[in-house]
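First the structure, in the form of structure tokens, and then the observations on it.
Any read-out appearing in this document is the output of simple, stated calculations on the displayed coordinates, not a laboratory observation. In this text the structure is predicted, and so the values were computed from the model without any measurement. All Cβ positions, even for glycine, are placed from backbone atoms using ideal geometry, and neighbour counts span all protein chains on display.
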């Protein structure tokens, strides 16, 4: 009978599940601690022992001006960075793909440096540069720094998408009458969209989480990670935990929304409703028949 | 072979327009700052801690300071151990989620990434809360009467290694996942068909074909862990400094920028060395950005 | 030909396989004789590949036994079985040379090194790939990779060689060449080949015996001639080659000839084991169909010649019956059928085969492959 082997395979399968569960457990452990602590009714530093459930910290969060403004800074920084890096990165990726010129190897080398080099080296090198050209350090220096380390990732993502790209699509577009600019916006860009979106997403993620580079070039501007770092020296007040929990929930919701069928379903439902109303306006007499056909 | 051949148009003007902005940016904010660092490493400081352009090899001589050397060694050991642990734990994990449980691989993959949307500092601090003397783990152990006094989990090298491993785990898993996923299932069956048991198939067929992913993951863990000073600060408490801490100190309290620059050169040198090794073993540079 | 005294080397006994609720292999019984070239022929979804993989050990039957040389191996892993597989995608190890690929199985079995060298060199010579010994799979063409895959499997002298549609990715000319080569190899090495394909012609060319699978059921097993001339049921009759089917009810049986009552009258055909009153169909191959310009005794099939095409040395004609059924004839090139008047169709009853046809409402007046 095939029983023994099936048993072996089942055990192997179970073992695999246990292993993965343990790993995931460890991955989420500190998050659980953070979330738990955001409800922790402790009042003494270093805020580590459990003293009861409360929403107080979420309330305190609303009045913690410095924390909230640091979060605002991080958002502004991340969005600005993403826009600049994505636009610049897409253009140069398309340009490198389309045009032939010498020096592509050099550009590649320049691109790999921010990826591979330790962040601390990036941080201090930019600090040295900014100081010597007397650039005011604050949001401006932060944006410049963030764009610099996000740019390569955008370019890689778009390039990966370009790799499988069929140029005859552009040729067909121009054959049908669209000029180069229209072709770019109408054919090329939509085709690249997943790569651009991937790069933008990565860029955003890297920016909001950056600690090391921001540490050196921020001047007086506080970003959220830096504010957290500051708080850690004095024992993180649970309202930081509260904010982190909220951010986590927001990101999870965002992922679920974009991944699930909810949004496409909603859109198609709205479209159907609109089509139905239009059709019933057209054919007054046969409208009931049409409605039956659609459902 | 692509069906439609890729034609290069050599119109220099459009090429220049698209490429120059980014290239200028990279030159200005990546290449030039590094040049500054190299230059600065040969500079001196005056009594007001300002940098002066007086050529000196003193900074490099300073690097051989025994207390510094001890930290280099400690740093390399911490980085190496973190990398090895990440690989040992990450390889089976990547294999499981990309092949064994491949029907769910998208959600499993996402579950690895989601924790990293909370700020990494916060998560490191979460570990500190958990492992601290008055933290959850100790509280639990004491209430279960496993120990009578809080155990010192923190403020040693082990805690730093834990933090590094934890923080850099996805950077090991992602390239491994990409490499393992590409594997052709038929080859694993063929290996089994030809007489190889599970482990033999693993080491003779699976691992050799995922070597690039392994190297990529190792580099993406080893190099950052040399410089991640905040992890060794928060979890190691100054008892397990890495090179990053040394550098950071020169730019903060130490006020010796040239020395900091020289220390950075060491980091850059190690990085270049590893990348060279990677490239020579056939590594694909593009997969480092994954 | 396989000697009549050949013993079965693989015995598939009452195998059933379910994927969830999907019954992909049903009550399969099949013996593969030692030294024979047996092909399992079927379209995709017929269960043929699943069956092969169960013999190889990559799938496990839900119930039933698989005996290899007399022992039940259903519980064993692929590396514990004395069979080897040639995979559809070749599955060569890209990080190893051709030599190492072929030597892999021998190394696993800890064969001494000099013997490995000898055996690998010999088999590579046999498939004419000696010059490629130290190359990598990425440097080889499809046909060459395929031969490496065959060599890698054969070098281990398995009891049975399992081949999973190995020629599917090759172009037509290469495929025909490889078919003959495989047959030659099999004869020379005298190893049992269990082959799976959906290509009829391939099966007919290479096999000692063919098993037709449909929807998880093994419909018929036999030598190619028998499959073609004596289809066991309607499915086999329509699956292999082209045929014309006339549905009806058996009205009389005498010896091995039966009379069927069909829509337009009665016809005769050869049958065995069927009874009066059974729903059946007469299968007449186009090359056996005859015609006359005058009505024929005992047959009452009348139609108009519609299309006629010369295909080299053969003339293909299509006759349309009043009920819409299209009958196909195939004759060596000669005068076409008269197009101006009725044509009466008939055949030698011994040339026609009566098969069961229970689901006539489903099939209707079906015709097989396209006209050309």
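Computed from the alpha carbon positions, the gyration tensor of region C:287-327 leads to an equivalent ellipsoid with semi-axes of 20, 13, 8 Å, biggest first. Just to confirm the number: angle between the C-alpha axis of helix C:98-108 and the first principal axis of chain C, 0 to 90 degrees, nearest 10? The helix C:98-108 is inclined about 80 degrees to chain C. In terms of surrounding Cβ atoms within a 10 Å radius of their Cβ, C:202, C:302 rank from fewest to most as C:302, C:202. Diffusion coefficient (Stokes-Einstein, Kirkwood radius over C-alpha pairs, 10 °C, 1.306 mPa s) for region C:1-143: 91 µm²/s, rounded to a whole number. In terms of its C-alpha gyration tensor, region C:246-288 comes out oblate, because a/c is 1.5 or above while a/b does not outweigh b/c. Restricting attention to the protein assembly as shown, close to 75% of DSSP beta bridges with both partner residues there are antiparallel. Judged by the gyration tensor of its Cα atoms, with axes a ≥ b ≥ c, chain B is oblate; a/c meets the 1.5 cut and b/c is at least as large as a/b. Structural descriptor for chain C: relative contact order 15 percent, calculated from alpha carbon pairs under 8 angstrom and at least 6 residues apart.
Pair-distance distribution of region C:211-347: all C-alpha pairs, bin width 10 Å, starting at 0; shares per bin in whole percent are 12, 38, 34, 15, 1.
Across peptide C:78-88, the mean count of Cβ atoms from other chains lying within 10 Å of each residue's own Cβ comes to 4. The relative contact order of chain B comes to 25 percent, based on Cα pairs under 8 Å that sit 6 or more residues apart.
Using only the alpha-carbon atoms, how far is helix C:172-189 inclined from the longest principal axis of chain C? Give it as 0 to 90 degrees, nearest 10. Helix C:172-189 sits roughly 60 degrees off the main axis of chain C. Just check region C:37-114 against the gyration tensor rule for me: Cα atoms, a ≥ b ≥ c as the square roots of the eigenvalues, rounded for a/c under 1.5, and otherwise prolate or oblate depending on whether a/b exceeds b/c. It comes out oblate by the Cα gyration axes.
Per-residue mean of foreign Cβ neighbours for B:234-241 is 0 (Cβ atoms of other chains, 10 Å radius).
With a 10 Å cut-off around each Cβ of A:31-37, the average count of Cβ atoms from other chains is 6. Pairwise Cα distances in chain A exceed 24 Å for 70 percent of all pairs.
In terms of surrounding Cβ atoms within a 10 Å radius of their Cβ, C:15, B:78, B:45 rank from fewest to most as B:45, C:15, B:78. When the alpha carbon coordinates of the protein assembly as shown are projected onto the principal axes, the ranges are 125, 84, 65 Å, largest first. Kirkwood radius for region C:146-259, taken over all pairs of different Cα atoms as the inverse mean of 1/r, rounds to 16.3 Å. With contributions of -39500 (n - 2.57) from each DSSP H run of at least four residues, the per-residue ellipticity at 222 nm computed over chain B stands at -20000 deg cm²/dmol.
For chain C, the longest principal axis of the C-alpha atoms and the axis of helix C:113-126 are separated by about 30°. Listed from fewest to most Cβ neighbours within 10 Å, the set C:242, C:80 follows the order C:80, C:242. Averaging sequence separations of C-alpha pairs under 8 Å and six or more residues apart, then dividing by the length of chain A, give the relative contact order as a whole percent. Over chain A, the number comes to 27 percent.
Across all Cα atoms of chain C, the radius of gyration (one decimal) and Dmax (whole number) stand at 24.4, 79 Å. When the helix-only estimate is applied to chain A (DSSP H runs of n ≥ 4, each -39,500 (n - 2.57), divided by the residue count), what is the mean residue ellipticity at 222 nm, nearest 500 deg cm²/dmol? Rounded to the nearest 500, the figure is -26000 deg cm²/dmol.
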